[in-house]
Structures are given as C-alpha cells and as structure tokens.
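To keep things clear, I will list the structure first and then write my remarks on it.
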C-alpha cells in the first residue's frame, strides 16, 4: 500500500493527460489544415506556371498582359522588347 496512489492523485493525473491529449489533437488538426492549405497553394502556383505562356499569349490587351506580369513577377520592367524581372530569391 505504501507505493499506491490515492484516487485524488489518479484523477488529477488522468485529467492532466486528457488535457494534454486534447491539446495535441488540436495541434495535429491545425498542422494538417496548414499542410492542406500549403498543398492547395503549391497546386495553384504550378497550374499558373504550367499555363503562363498560354495565359500571356491569350491576353490581347497590353493592360491585361501587364497585369498578369505584375501578378507573377516582382518588379517587372521592359527594356526595349526584353522583359526584365527580379525575383525575391536573388540578392
């Protein structure tokens, strides 16, 4: 009997573990939702990248082409007939 625990101690520890389980389940749900959101974003980026030339070529108005370039590129400029851009990865 000296090494046994009381019902109060058991109940308290049991509740602590249940609380920890609930926190972990919430964190797992949040991570899985974030993973799904990330996958959706990557799929959208790949889809636009795959269709970028067709989208650009089918935009007959210069304003639409400019809007598309502004959407996919950072700081796009035109030097004569050459499009220039700087991505966030280059320093």
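Take the Cα gyration tensor of the stretch 1-70, multiply each eigenvalue by 5, square-root it, and list the three semi-axes largest first, rounded to whole angstrom. Each step should come with its number before you reach the end.
Values: eigenvalues 714, 18, 6 Å².
Value: 60, 9, 6 Å, ordered largest first.
Could you identify which residue out of 58, 79, 70 has the top mean-square fluctuation in a GNM of the chain using Cα springs shorter than 10 Å?
The residue with the greatest mean-square fluctuation here is 79.
Please compute the length gained on full extension between residue 18 and residue 77, using 0.36 nm multiplied by the number of residues separating them and subtracting their Cα-Cα distance.
Values: separation 59, 0.36 × 59 = 21.24 nm, distance 5.79 nm.
That pair, residue 18 and residue 77, stretches by 15.4 nm at full extension.
Coordinate-derived values only; no laboratory data. Model, not experiment: these values are computed from the prediction.
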